[in-house]
Amino acid sequence: HRMNTDDFKEIFVTDIRPMYERAIKACYLAYEVFRNDSIINLAFYFMEKSKNQVLLDAIQSYYARNLGNIPDTIIASENQYRIKMVDLQNLIYGLSEREADSSGLQQYHYEYAETQRNYEEFLRGIEREYPGYYDLKYKSEIPSITDMQQTIQKGVMIEYMAGDDYIGIIALGRKKSVFRLMPVNTEFHDHLNGLLKDLGSGSIDQSFNVNTYKDFVTRAGALYSI
């Protein structure tokens, strides 16, 4: 089965994003102990990667292919490498929870390292043959919190990411930054989904209904308080 870019994006959303969520949670546990801005910077990086990776992949792939005249075989090989690494990461994660010292786990680690080396060599070839495509696709850098703070004159910039069971929040001021993890549950997601449904259907502004309005206020108030 040949997987296309949309298939890969679906795999990314279902498999890679939870890894970023776990990484952010690990950052917060470390931050509670050490209170170090370098940990906030790492959490900021993971938040941005989690939020923008799929969007960036879609935008950059489209423009890179059309501006760089990249052969379809190159795109297919690129996706196959990334899909294989995702599959191996999932196998390693699943097996490590059950059999930490198994020979199968060691084999998957070896295969992943070998695939990663081959992928890096493949990317170096792209950088040589198609430098414009490489720059557009792979040189998108996420700024550090220090870079962000230098652009803040007054006020605070809020960076947040909604996970399955928490909202990660980083507040950046010019001289101070704060990192929080706010627990959320199914009630939060019910309010959010209900609010999006009401707004998307146009039931709020097309005709006034007391029950719909009350529902909107209740859900919006609950989300605002969080």
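A few notes on this one:
- Ranked order, D164, D87, D215 - accessible area, probe 1.4 Å, largest first: D164, D87, D215
- Accessible area in the full protein assembly, largest first, 1.4 Å probe, for E121, E114, E159: E121, E114, E159
- Placing R0 at 30 angstrom, the Cβ-Cβ distance between H189 and I142 gives a FRET efficiency of 0.65 after rounding to 0.05.
- Placing R0 at 45 angstrom, the Cβ-Cβ distance between M85 and N36 gives a FRET efficiency of 0.90 after rounding to 0.05.
- The range 139-188 - percent of accessible surface contributed by carbon and sulfur, probe 1.4 Å: 52 percent
- Each residue, E48 and A26, gets one label point 7 Å from its Cα in the Cβ direction; the gap between the two is 2.0 nm.
- Accessible surface of V210 - all protein chains present, 1.4 Å probe, nearest 10 Å²: 80 Å²
- Accessible area (Å², 1.4 Å probe, nearest 10) - L88: 10 Å²
- Given K84/K137; K49/K137; K25/K49; K51/K137; K25/K139; K51/K139, the pairs whose alpha carbons are separated by over 22 Å: K25/K139
- Once the C-beta distance of T73 and A162 is scaled by a Förster radius of 30 Å, the resulting FRET efficiency is 0.20 to the nearest 0.05.
- Whether the range 103-226 is rounded, prolate or oblate, judged on the alpha carbon gyration tensor where a/c under 1.5 counts as rounded: prolate
The values are calculated or read from the model by the stated rules, or taken from the named source; none is laboratory data. The structure presented is a predicted model; accordingly, all values stated were derived computationally and were not measured. Note that we place each Cβ from the backbone using ideal geometry, even for glycine, and neighbour counts take in every protein chain shown. These area figures cover heavy atoms from the full protein model, side chains too; ligands, DNA and RNA do not enter into them. Shrake-Rupley method; radii C 1.70, N 1.55, O 1.52, S 1.80 Å.
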